[in-house]
Amino acid sequence: MQRKKIKNKHKGHLLIIGVLLILIGIGTLIYKYYQRNEISNIEENNIIEFYEIQEDISVNQEEIDKKTDEVQEEVKVEKNVEKESYLAVLKIDKIKLERGIYNINSKNNNVNKNIKILKESDMPDKENGNVIIAGHSGSSYIAYFKNLVKLNNGDEAKIFYNGKTYIYNLVRSYEVEKTGKITLSKNKDKQTLTLITCKTNTNKQIVFVFEIKNII
């Protein structure tokens, strides 16, 4: 009789622990959902504010500086995630991609948070330069480059930077082994945009090379 009571008591404890673990799991999922939603809202607002600043560049530099200061006020979303102004915006209409690009030295310039402009990259306004951006593929919420594989030669990409729109066309794509280093090829007489992402479920990377078509 005593053993039966102990056994039932033990089962009761296990049941309570199981319920608590389920509640903790649900709570964690809800927290992550709202956290990601908050980050998404901030990124949306950053892009809107970026475009507003771009429109004002040719009008009033003093007003731009004021808006930039406002954008750079820190808003904590999670540890090490802050609201800050974008350096540029990459937009590819065909795959509904529109992502802000942070300054190269920003801690948010990280493929585990956003798309990343590499330290070897030039800015879009450099003559015959190469803008190099990397991003994740796959199925996670940070897989911003997952649809690059849907692009064909001739498809268009835009970079909004310093009051101008740089319009590029895809000229080629190729695969390389993922070794931690990558050698890029480009037409030395062209301004180019290079996008790099992993090929899902392989040890390869795909490189997409765009050449400048127009600057407006």
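Every number in this text was worked out from the coordinates using simple rules, so none of it is lab data. Only a predicted model underlies this, so the values are computations on that prediction, with no experimental measurement involved.
Listed values, structure above:
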quantity: When each of 91/186; 96/178; 94/186; 113/204; 126/213 is checked by Cα-Cα distance, pairs over 25 Å; calculated: 96/178
quantity: Value of Rg to Rh for the stretch 91-216 (Rh from inverse mean 1/r over Cα pairs, i.e. Kirkwood); calculated: 0.92
quantity: Inverse mean reciprocal Cα-Cα distance (Kirkwood Rh) of the stretch 116-188, Å; calculated: 14.2 Å
